[in-house]
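The values are calculated or read from the model by the stated rules, or taken from the named source; none is laboratory data. In this text the structure is predicted, and so the values were computed from the model without any measurement. Virtual Cβ from ideal backbone geometry, glycine too; neighbours counted across all protein chains shown.
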Amino acid sequence: MTPRLATRSLGPRPFAIRLVTQWQALAALVLAIVAIFSLPLLTADAATPYGTATTGLILALVIVAALACLTVSSTATLAAILFIGAHGAAWLLLSGLSGNEGKATWAFAALVMASWLLAWRCVTALSALRPAGKPADKALRLLIPAIFGAWLLILWEAFTRGAGVPFILLPPPSAIAARLVTSVPILFDDVRQTIFKSVVAGYAIGCGAGFVTAILADRVTFLRRGLLPIGNLMSALPMIGVAPIMVMWFGFDWQSKAAVVTIITFFPMLVNTVAGLAATGPMERDLMRSYASDYSQTLIKLRLPAAMPFIFNALKINSTLALIGAIVAEFFGTPIVGMGFRISTEIGRMNVDMVWAEVAVAALAGSVFYGVIALIERTTTFWHPSNRGG
């Protein structure tokens, strides 16, 4: 008797699978069709409406990129087509908004959302790529978050200008960028006062003092038992309550802001370093004792290396706390320079673009500060499991 072969369903066809996985492209096509039936892109009273050629080019970029998701099999080629289609359409859409704030129609909104969906699919395709070379892999790791961040700005620009959001409530990124370019000397003076003086000095003193105190608390039992509860209490002190007191004690210049930063950064470093020094296991400590190692040798060769992840964790936390503390402290008294002074002054004058420019500079400075510490951590604690994944 001939044995029967077992059969099984092959599941959905490849094209059907592609329809499901490429839902962003399908949604973009639907939005493009909605835009076609909702034209024009701007209201009839627009100063400089989109031309027929420009509107057709925007629709063509969106439709071709969406159809490519259903037909192109190469991931790299698809990502390139999506990148050109999404960003080309977005650039053309935003270029026609100047002077036409608040005059965008539903067709404009539909095409912006379609371009965003195509950019989403582009990032998904880029994430699936596995470059052979290390430089290409690093470039890809930078490109993906860059596209994500760029689209936050694109959607922000399209929403504020297209919907006519009042400038006083939320200025568009283009206005903030223009203010950044025209206010470089003022911003540089503010950065020098707040970061290069207050933050750097307070950060170094606070972290250094916290580290030394943690070593002493680890060595002396009564300090560890008595100081750590006080440290936990002091770390909960409100910054707004400490800042005016430091201004009264140390004056209106950068020294009082550095004092605030010192207080803010001292206790995270103290608590994390003490916890890191206690992270070694009994087996490692017994091994050091079997080698007749004294306290200093055990501290330098075993306990401090084991505590490095905790120490760097405190340094990264303090890198953001220090900047926030210095800016808030400047609200309570400072010379006529500084990021906190500029924010409090310009918001009173309703110059919100300058306020956002200061916020952008502060965010950039904080990110660079954090990134440098993270890079040093990666180089120093390469042996730690959190850094082994590449």
How do the pairs read when you match residues in segment 69-93 that are at negative phi with residues anywhere that are charged (D, E, K, R), using Cβ under 7 Å and keeping only pairs 6 or more apart or on different chains? Cys69/Arg121; Leu70/Arg18; Leu82/Arg121
Mind listing just one residue for me: the one in segment 38-68 that is touching a residue at least 60 places away in the same chain (Cβ under 8 Å) and either part of a loop (DSSP other than H, G, I, E, B) or touching a His at 6+ places or on another chain (Cβ under 9 Å) (or both) and, of those, farthest from Gln22 (Cα to Cα)? Thr43
Quick check, is Ala79 in the same structural domain as Ala110 (by TED's automatic domain parsing), over 14 Å from Ala119 (Cα atoms), at pLDDT 85 or above and among the aliphatic types (A, V, I, L, M)? no
Applying the selection to segment 142-164, what residues are within 22 Å of the chain's Cα centre (by Cα), surrounded by 13 or more Cβ atoms within 10 Å (Cβ to Cβ) and not acidic (Asp, Glu)? Leu143, Ile144, Ile147, Ala150, Trp151, Leu153, Ile154, Leu155, Trp156, Ala158, Phe159, Thr160
Can you confirm whether Arg285 is in the same structural domain as Pro185 (by TED's automatic domain parsing), under 22 Å from Arg219 (Cβ atoms), more than 21 Å from the chain's Cα centre (by Cα) and charged (D, E, K, R)? yes
Only one of these is surrounded by 17 or more Cβ atoms within 10 Å (Cβ to Cβ) and closer than 16 Å to Leu323 by Cβ: Asp190, Asp218. Name it. Asp190
Please work out which residue is surrounded by the fewest Cβ atoms within 10 Å (Cβ to Cβ), limiting yourself to segment 49-75 and to residues that are at pLDDT below 90 and more than 20 Å from Val30 (Cα to Cα). Ser73
When (1) in contact with a Leu (Cβ under 8 Å, 6 or more places away or on another chain); (2) touching a residue at least 24 places away in the same chain (Cβ under 8 Å); (3) not aromatic (Phe, Trp, Tyr); (4) not assigned by TED's automatic domain parsing to the domain that holds Ala278 are applied to Pro131, the one that fails is (2)
Within the group Phe159, Phe148, Phe188, which residue is under 30 Å from Ala243 (Cβ atoms) and among the aromatic types (Phe, Trp, Tyr)? Phe188
Please list, ordered by residue number, the helices (runs of 4 or more DSSP H) wholly in segment 196-254 having 1 or more residues that are charged (D, E, K, R), modelled with pLDDT under 85 and closer than 24 Å to Ala279 by Cβ. 200-219, 221-235
Please enumerate the residues belonging to segment 97-129 that are within 21 Å of Val34 (Cβ to Cβ), in contact with a helix residue (DSSP H, G or I) (Cβ under 7 Å, 6 or more places away or on another chain) and in a loop (DSSP other than H, G, I, E, B). Leu97, Thr105
Does at least one position in segment 168-181 carry a residue that is closer than 30 Å to Ile263 by Cβ and either outside the structural domain of Ala25 (by TED's automatic domain parsing) or touching a strand residue (DSSP E or B) at 6+ places or on another chain (Cβ under 8 Å) (or both)? no
With the condition kept exactly as written, say whether any residue in segment 166-189 is farther than 30 Å from Ser98 by Cβ and in contact (Cβ under 8 Å) with a residue 24 or more places away in the chain. yes
So is Ser73 assigned by TED's automatic domain parsing to the domain that holds Leu155 and over 26 Å from the mean Cα position of the chain (by Cα) or not? yes
Restricting segment 279-305 to residues that are of a type in the set (A, V, I, L, M, F, W, C) and touching a residue at least 12 places away in the same chain (Cβ under 8 Å), the residue that is nearest to Leu323 (Cα to Cα): Leu304
